[in-house]
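Below is one structure, written out as structure tokens; comments come after it.
Every read-out reported here was derived from the displayed coordinates using simple, explicitly stated rules and does not represent laboratory data. Remember, it's a predicted structure, so these values are computed and weren't measured experimentally. Counting neighbours? That spans all protein chains shown, and the Cβs are built from the backbone with ideal geometry, glycine included.
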Amino acid sequence: MSASWGYEAARAAASVIAPRIGIGEPLLTLILGSGLGSVVDRVADARSVPYSSVPGFPDTAVQGHAGRVVAGTLAGRPVIVFAGRFHMYEGHPAAASAFPVRVAHSLGAKVMVATNAAGGIDATLSPGDLVLIDDQINLTGRNPLEGTLEEGDTRFPDMSAAYSPRLRSLLAKAAGNRPLRRGVYAGLLGPAYETPAEVRMLRALGADVTGMSTVGEALVAAAIGVEFAGISLVTNLASGITDAPVRHEDVIEAGRVASARLGDLLEAAVTLL
Ligand code: HPA
């Protein structure tokens, strides 16, 4: 299953991207979630490659996903940004969905921070809150590591510290006085938002936020040895936490409004790496 988006495919993709972005080893690699694409505007000396011109990268279709790899500097440090995802709910296999993690690794990335839009399950969360992900629950029913073992992968990756304790404390330090919540991210397949009963189930399972990405990326990162962290932006309260319906337009708009604060946090973090 994963051969099409495995080690060799990642090397092929990286060999197309590298000469076009002309960057040495990035200090930090970012994956930007829905509505959070404007973080890329902070990258100075940006060179960009559309996903559509990279072998192995499907076209990104969903509104709010730009679909390009951008390299440059953030606060003067070399970074690579993957703006846009291939979600499993769009029909992409789990291995394709997590492919950017392998490509980043082939480009020399050692540290990755994934960002996402998420629904707040913990009743004390509010739209606009940033949540540092401490751990995850993979409820997608998929795993990008399924199948033939890829070169360089660990067959049975340890997930006891999938969200790097070092990066978590670094991000907490970077936040300084700015509020940064912490929590467990439940990753679901989507594309429908949850029912109130499902959200009650997620809360009982110990989840604080829920979304439709990131968990597969954390799994690949663990298997290939990329140090991984995640930040959720709470774009809405999850279904049933309030009476309000969950609407994609609101999710994208909340992401747009809060992406400046996310950008501030990431800029502060990269200077501490
Ligand atoms: N549920 C799942 N994914 C999401 C949500 C949500 O409420 N908000 C943003 N992404």
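By how many nm would the segment from Ala172 to Ser15 grow when fully extended, if each residue of separation counts as 0.36 nm and the alpha-carbon distance is taken off?
Answer, rounded to one decimal: 53.1 nm.
If I take R0 = 30 Å and measure r between the Cβ atoms of Glu146 and Glu25 in this structure, what FRET efficiency does the formula 1/(1 + (r/R0)^6) give, to the nearest 0.05?
Efficiency, from the Cβ-Cβ distance: 0.50.
According to a simple spin-label model (label point 7 Å from Cα along Cα-to-Cβ), what is the distance in nm between Ser52 and Glu249?
About 2.6 nm, to one decimal.
Taking +1 at the Cβ of each Lys and Arg and -1 at the Cβ of each Asp and Glu, which of Pro179, Ala162, Gly91 sits farthest along the dipole of region 3-270 towards its positive end, judged by Cα position relative to the Cα centre?
Pro179
Percent of Cα-Cα pairs more than 23 Å apart in region 125-204, please.
40
In Å and on Cα atoms, what radius of gyration and Dmax does region 3-270 show?
17.0, 51
Mind giving me the FRET efficiency for Thr195 and Met159? R0 is 30 Å, r the Cβ-Cβ distance, nearest 0.05 is fine.
Between Thr195 and Met159 the formula returns 0.60.
With viscosity set to 1.567 mPa s at 4 °C, what whole-number translational diffusion coefficient in µm²/s follows for region 1-139 from Stokes-Einstein and a Kirkwood radius over Cα pairs?
Stokes-Einstein gives a translational diffusion coefficient of 83 µm²/s.
Just to be sure I understand: of the beta bridges DSSP finds with both ends in the chain, what percent are antiparallel, rounded to 5?
Roughly 35 percent of the DSSP beta bridges within the chain come out antiparallel.
Suppose each label sits 7 Å from its Cα in the direction of the beta carbon; what would the Val257-Leu205 distance come out to in nanometres?
Distance between label points: 2.9 nm.
Please work out the Cα center distance from region 13-62 to region 225-253, rounded to the nearest Å.
Centre-to-centre distance over Cα atoms comes out at 23 Å.
Just to confirm the number: angle between the C-alpha axis of helix 215-224 and the first principal axis of the chain, 0 to 90 degrees, nearest 10?
With rounding to tens, the tilt is 40 degrees.
Rounded to the nearest 20 debye, what is the charge dipole size of region 3-270 about its Cα centre when +1 sits on each Lys and Arg Cβ and -1 on each Asp and Glu Cβ?
540
How much length would be gained if the chain were fully extended between Thr271 and Asp41, taking 0.36 nm per residue of separation minus their Cα-Cα distance, in nm to one decimal?
The Thr271-Asp41 span can extend by a further 81.0 nm.
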